[in-house]
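Structure record follows, encoded as structure tokens.
The values are calculated or read from the model by the stated rules, or taken from the named source; none is laboratory data. What you are looking at is a predicted structure, and each value in this text was computed from that prediction instead of being measured. In this analysis, Cβ positions are derived from the backbone assuming ideal geometry, glycine residues included, and neighbour counts consider all displayed protein chains.
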Amino acid sequence: MHKRVHYNTSYLPYLLVAPQIIITLLFFIWPAVQALYQSFLLEDAFGLSTEFVWFDNFIDLYHSEQYLGSFARTAFFSVAVAGLSMGMALFFAALADRVIKGSHTYRTLLIIPYAVAPVLAGTLWLFLFNPTLGIVTYFLDAVGIDWNHKLNSSQAMTLVIIAAAWKQVSYNFLFFIAAMHSIPKSLIEASAIDGAGPVHRFLTIIFPLISPTTFFLLVVNIIYAFFDTFGIIHAITAGGPGNSTEILVYKVFNDGFVGLDLGGSAAQSVVLMFIVIVLTVVQFKYVERKVEY
Amino acid sequence: MSTINIQQLKKSYQNTQVIHGVDIDINDGEFVVLVGPSGCGKSTLLRMVAGLESITEGEIKIDDTVVNDLEPKDRGIAMVFQNYALYPHMSVYDNMAYGLKLMKLPKDEIEKRVQDVAKLLQIEEYLTRRPSNLSGGQRQRVAMGRAIVRNPKVFLFDEPLSNLDAKLRVQMRMQIKTLQNKLGVTTIYVTHDQVEAMTMADKLVVLKDGIAAQIGTPMEIYDDPKNQFVAGFIGSPSMNFISCEVTDETITIGEQSFPRPASVSQRGTLTMGVRPEHFSTDENNPYSFSGTVQMVEKLGASILLYIHCDSMEQPLVVECENTVAANIGDTFKVHIDDKKMYFFDAKTEQRIY
């Protein structure tokens, strides 16, 4: 039973939730409404004249090959980032779960990338893979791979995927290791007695039991790849070469602030907003349900 | 069908030693219960037999093979855990078949074995359910089914009944014992409940602080405890301990003196032990005390009286027939049966008479 405290004053509850509501209104609702409004407008590059064009911006997007290409690119990028970072994190967590000595150091080291700002992470990888100076480039050259992500679009995509995934490994690692710790030890012992080796144990017991966490992380990682990788891409490739690493969120920036097509850019961000809303609904609907056995 | 020999088994974690050299020989088909208070090392001992804890020193042999360095799966054991440790994401059938699949048995063989065991345990109708849809007693049976279906050489039980309610516990206790009898599989069973220990064991091992305080049949241990700890731990309610002074002629308890029993030859301070059920009603018995009734516990079949005597620090617990009328504050006279007195050395706590 919930115990409720009743206050006689009627303004107190409103006062207590006010900061949260003000922040939400100011930083989420208001810009969202602005973007929605902007997406119905057509402006000239100097902002001197504005015309209300209803859904024209959206219709243009629907017919734009560049935009649809960016969509496909983003889908590939986010699946690759989510797959790579979750795969690595799961691998590390599975190992860390078995480490006995120095597990704290190991864990702390694994969490560090999460504290690195996206642009810095991008710069870091940029230096490593710099076509002329990069150390990784040097080694790749030794095995016969000519690395130049400034010219080669698939190499550029590979690099942004690696950088974006690297930064997210820590976050995923934390969730995976917490999930693994919450599995009763006796289950693992029971399966050891039943004759399962470490790998089989992982596949048949641990992995199914952390599946709610995995699903949660999948959604979080896709959202991350969609929205929070702007800094990394901006630092490494700036969307190039050509448009080969221009994912949706980067295109919003490029079209709006470089191309000065404010209406089209706003329409793109409205599309992104709906994607986020859908992903969030999916997450709430299914994560909650899958948790209980 | 197998024997287990445990020799000078020791276990330490970093600097703390938890098991100090235990020897146990277990015969084929025997039901051995490890009993002791929490922290006595009984679960650790079991887990060492299972292979879930490493062995610091000593040897464990199953069927004359040293298993110290064998993986749990290679020891031919099956274990039932306190929290059952059923795989929550698998059906009861898959839980039971998990180990068999790993043995790479043919499918119809697995099917047959699971069905047979399910029939034996009367859980056939739950085979498709998940463990979360089962009651505590049903989960318990599934956990046992998972152990039985593998046809192990040894069963290990780690306090399997402690999560069940009292009534179910008594039922399951009987079922486990009957089943073990029927299957004839050597069993080690860990519990802190001395009633469980007494009722189930062929051989009882009383552990205290990592040492086997006594090993024997339940009745041997009840009738002939080797030390004060075992005497106090086995038997419910616990044995009364009374400090006494023995001289050539007399035995003095508080202010009262009695003739020295012929069997007691040691002089000085001893501890006398009397079980609550061993007080006599014989009015002519010389060993009698008067005291005030502090508390009355009516158990139905019998009544427990807590009697405060001036000569003793602790109240005496006396079990008497349910026809005895006694109320709190009454003066009550009890007689100790002199044939059922135990004497312990006050210092070493070893039983001397």
Open item on the list: Suppose we filter the range A:169-206 for residues that are more than 30 Å from A:ALA117 (Cα to Cα) and either in a helix (DSSP H, G or I) or touching a residue at least 12 places away in the same chain (Cβ under 8 Å) (or both); how many remain?
Closed with: 19
Task: Qualifying position, being touching a Phe, Trp or Tyr at 6+ places or on another chain (Cβ under 7 Å) and not β-branched (Val, Ile, Thr), among A:PHE230, A:PHE176, A:PHE202, A:PHE207 - done: A:PHE230
- [ ] For the range A:29-63, enumerate the residues that are in a helix (DSSP H, G or I), of a type in the set (S, T, N, Q) and in contact with a strand residue (DSSP E or B) (Cβ under 9 Å, 6 or more places away or on another chain).
- [x] A:ASN57
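Yes or no, residue by residue, for (1) among the aliphatic types (A, V, I, L, M); (2) modelled with pLDDT of 85 or more; (3) out of contact with any His (no Cβ under 6 Å at 6 or more places or on another chain):
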residue	(1), (2), (3)
A:GLY239	no, no, yes
A:SER244	no, no, yes
A:LEU262	yes, no, yes
A:ALA266	yes, yes, yes
A:VAL278	yes, yes, yes
A:LYS290	no, no, yes
Task: Unique residue being more than 23 Å from A:ILE100 (Cβ to Cβ) and small (Gly, Ala, Ser) when the list is A:GLY197, A:GLY231 - done: A:GLY231
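Yes/no per residue for (1) surrounded by fewer than 18 Cβ atoms within 10 Å (Cβ to Cβ); (2) in contact with an Asp or Glu (Cβ under 6 Å, 6 or more places away or on another chain); (3) of a type in the set (Lys, Arg):
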| residue | (1), (2), (3) |
| --- | --- |
| B:ARG267 | yes, no, yes |
| B:THR271 | no, no, no |
| B:GLU283 | yes, no, no |
| B:GLY291 | no, no, no |
| B:SER302 | yes, yes, no |
| B:LEU305 | no, no, no |
| B:PRO315 | yes, no, no |
Task: Tally of residues being among the charged types (D, E, K, R) and in contact with a helix residue (DSSP H, G or I) (Cβ under 6 Å, 6 or more places away or on another chain) across the range B:69-128 - done: 1
Open item on the list: Kindly evaluate B:ASP209 against the criterion of being touching a strand residue (DSSP E or B) at 6+ places or on another chain (Cβ under 9 Å), charged (D, E, K, R) and surrounded by 16 or more Cβ atoms within 10 Å (Cβ to Cβ).
Closed with: no
TODO: State the number of residues belonging to the range B:264-284 that are in a loop (DSSP other than H, G, I, E, B) and within 21 Å of B:GLY232 (Cβ to Cβ).
DONE: 3
Open item on the list: Of everything in the range A:154-207, what is β-branched (Val, Ile, Thr) and within 14 Å of chain B (Cβ to nearest Cβ)? Give them in sequence order.
Closed with: A:ILE183, A:ILE188, A:ILE193, A:VAL199, A:THR204, A:ILE205, A:ILE206
Task: Number of the condition not met by A:GLY102 [criteria: (1) buried (at least 20 other Cβ atoms within 10 Å of the Cβ); (2) more than 22 Å from the chain's Cα centre (by Cα)] - done: (1)
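Residue-by-condition table, conditions (1) closer than 19 Å to B:GLU159 by Cα; (2) of a type in the set (Ser, Thr, Tyr):
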site	(1), (2)
B:LYS182	no, no
B:THR186	yes, yes
B:VAL190	yes, no
B:ASP193	yes, no
B:ALA197	yes, no
B:MET200	yes, no
B:ASP209	yes, no
B:GLY216	no, no
TODO: With respect to A:ALA165, determine if the residue is modelled with pLDDT under 90 and surrounded by 15 or more Cβ atoms within 10 Å (Cβ to Cβ).
DONE: no
TODO: Just give me the residues in the range B:125-139 being within 14 Å of another protein chain (Cβ to nearest Cβ) and either touching a residue at least 24 places away in the same chain (Cβ under 8 Å) or assigned to a loop (DSSP other than H, G, I, E, B) (or both), in sequence order.
DONE: B:ARG129, B:ARG130, B:PRO131, B:SER132, B:LEU134, B:ARG139
Open item on the list: Is it the case, given these coordinates, that B:ASN163 is within 21 Å of B:MET96 (Cβ to Cβ) and surrounded by fewer than 17 Cβ atoms within 10 Å (Cβ to Cβ)?
Closed with: yes
- [ ] For residues that are facing chain B (nearest Cβ under 10 Å) and either buried (at least 20 other Cβ atoms within 10 Å of the Cβ) or in contact (Cβ under 8 Å) with a residue 24 or more places away in the chain (or both), scanning just the range A:208-219, find the one that is nearest to B:VAL154 (Cα to Cα).
- [x] A:LEU209
Task: Every residue from the range B:181-206 that is surrounded by fewer than 22 Cβ atoms within 10 Å (Cβ to Cβ) and either over 9 Å from the mean Cα position of the chain (by Cα) or of a type in the set (A, V, I, L, M) (or both) - done: B:ASN181, B:LYS182, B:LEU183, B:GLY184, B:VAL195, B:MET198, B:ASP202, B:LYS203
TODO: Kindly establish whether B:LEU156 is within 14 Å of another protein chain (Cβ to nearest Cβ), on the phi < 0 side of the Ramachandran plot and not hydroxyl-bearing (Ser, Thr, Tyr).
DONE: yes
TODO: Give the residues of the range A:18-73 that are hydrophobic (A, V, I, L, M, F, W, C), surrounded by 13 or more Cβ atoms within 10 Å (Cβ to Cβ) and more than 19 Å from A:LEU248 (Cβ to Cβ), sorted by residue number.
DONE: A:PHE40, A:LEU41, A:LEU42, A:VAL53
- [ ] Read through the list (1) surrounded by fewer than 15 Cβ atoms within 10 Å (Cβ to Cβ); (2) in a strand (DSSP E or B), then give the number of the only condition that B:CYS320 fails.
- [x] (1)
Open item on the list: Kindly evaluate A:ALA96 against the criterion of being modelled with pLDDT of 85 or more and among the small types (Gly, Ala, Ser).
Closed with: no
